[in-house]
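So the structure is just underneath, and the comments pick up after that.
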Amino acid sequence: MKRTFPLRRFLMAFAVFGALALPLEAQGFFSRLTWAAEGSVLFFPEDNGMHSDPMPVLPSPGVAVSYPLPGPMHLELTLDLYFTHYGYDFDLDRAVPYAIENRSSFVLGSVLGLQAMALFDIGSRIDVRAYGGFAADLRIVLLAEDLNSSDFTGVPQSDPQIQTDAVRDYFWSSGRWLLPVIGGGMDFDLNSKLKLGLDLRVWFPLYKVWTAENLPAVEGWRFGIGARITFRRNSAVQAVDAP
């Protein structure tokens, strides 16, 4: 029997956690938000041998918004988007990445993260960030584009509809959408309104703790490197001087 993980409860916890951080004055809250635009390259390591195509290396646009808490701490909400192609290997009994020429399923991922971030000023124009929290990869799994009617053979190993249904079931069962994340970054002041930053992030396959799958060590891990532009708003969010 496949185990299910309570996505609804997770999203409710997201909302409750965020609500607890809101001040009573909504206007004061919004005036203290800091926004950032991000661009990353995501690496999804795989060790499936001849059962899949090479490791996906994916461009990923994103946004982030943070709210200051006492001291150096901030609450940050992030959203990163990506898309790629997958298929289902019935010998391995799991979804595996496919190159576009072997496509069965089109996967649009939206990685929603909520994390605690510490921000420190280490120089007159340089801040460093360290953060950790939880993310949910809310994947939309669709049939791949530009398929032919002859592709729908009814054979599980090749039929794209059967493959897509299996990929969707796999990604949305056993909490495979839940990905704790840690990371760090550095921001450089461009002017009084903009900062240019670098980011490194690692997402953990927590689901491997409770599933009984015999998976390669690298399966489910994710790594990201990227840049961000932070839009400073009335100098609302200030870094704390490092000790």
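For the stretch 79-91, which residues satisfy the criterion of being open to solvent by less than 50 Å² (accessible area, probe 1.4 Å), more than 13 Å from ASP53 (Cβ to Cβ) and more than 17 Å from the chain's Cα centre (by Cα)?
The answer is TYR88, and nothing else.
Could you tell me whether any residue of the stretch 114-125 is touching a strand residue (DSSP E or B) at 6+ places or on another chain (Cβ under 9 Å), surrounded by 14 or more Cβ atoms within 10 Å (Cβ to Cβ), touching a residue at least 60 places away in the same chain (Cβ under 8 Å) and closer than 28 Å to THR211 by Cα?
Yes, that holds for at least one residue.
The conditions are (1) under 21 Å from the mean Cα position of the chain (by Cα); (2) surrounded by 14 or more Cβ atoms within 10 Å (Cβ to Cβ); (3) part of a strand (DSSP E or B), and PRO45 fails exactly one of them. Which is it?
(3)
Can you name every residue in the stretch 92-113 that is more than 30 Å from GLY197 (Cβ to Cβ), part of a strand (DSSP E or B) and open to solvent by less than 20 Å² (accessible area, probe 1.4 Å)?
ARG94, ALA95, VAL96, SER105
So which residues in the stretch 128-174 are over 27 Å from the mean Cα position of the chain (by Cα) and not polar (S, T, N, Q)?
Of everything in the stretch 128-174, those that are over 27 Å from the mean Cα position of the chain (by Cα) and not polar (S, T, N, Q) turn out to be ASP146, LEU147, ASP151, PHE152, GLY154, VAL155, PRO156, ASP159.
Take the stretch 203-226 and flag every residue that is in a helix (DSSP H, G or I) and touching a strand residue (DSSP E or B) at 6+ places or on another chain (Cβ under 6 Å).
LEU206
Report whether or not PRO56 is surrounded by 13 or more Cβ atoms within 10 Å (Cβ to Cβ) and more than 15 Å from the chain's Cα centre (by Cα).
no
For GLY184, which of the numbered conditions (1) modelled with pLDDT of 95 or more; (2) surrounded by fewer than 16 Cβ atoms within 10 Å (Cβ to Cβ); (3) over 25 Å from ASP91 (Cβ atoms) fails to hold?
So GLY184 meets the others, but not (2).
Name, by its number, the condition in (1) open to solvent by less than 60 Å² (accessible area, probe 1.4 Å); (2) in contact (Cβ under 8 Å) with a residue 24 or more places away in the chain that does not hold for ASP151.
The one condition ASP151 does not meet is (2).
Exactly one condition in (1) in a strand (DSSP E or B); (2) free of Cβ contacts under 8 Å to residues at least 24 places away in the same chain is not met by GLY62; state its number.
(2)
So which residues in the stretch 134-148 are touching a residue at least 12 places away in the same chain (Cβ under 8 Å) and open to solvent by 20 Å² or more (accessible area, probe 1.4 Å), if there are any at all?
PHE134, LEU138, ARG139, ILE140, LEU142, LEU143, GLU145, LEU147, listed by residue number.
Which residue, of LEU194, LEU178, LEU206, LEU198, is among the aliphatic types (A, V, I, L, M), within 17 Å of GLY39 (Cβ to Cβ) and either under 17 Å from the mean Cα position of the chain (by Cα) or open to solvent by 70 Å² or more (accessible area, probe 1.4 Å) (or both)?
None of the others qualify; the one that does is LEU198.
The values are calculated or read from the model by the stated rules, or taken from the named source; none is laboratory data. As the structure is a prediction and not an experimental result, all values here were calculated from the model. Cβ sites come from the backbone with ideal geometry, for glycine too, and all protein chains shown count toward neighbours. Calculation scope for accessible area: heavy atoms of the full protein, side chains included, ligands and nucleic acids excluded. Shrake-Rupley method; radii C 1.70, N 1.55, O 1.52, S 1.80 Å.
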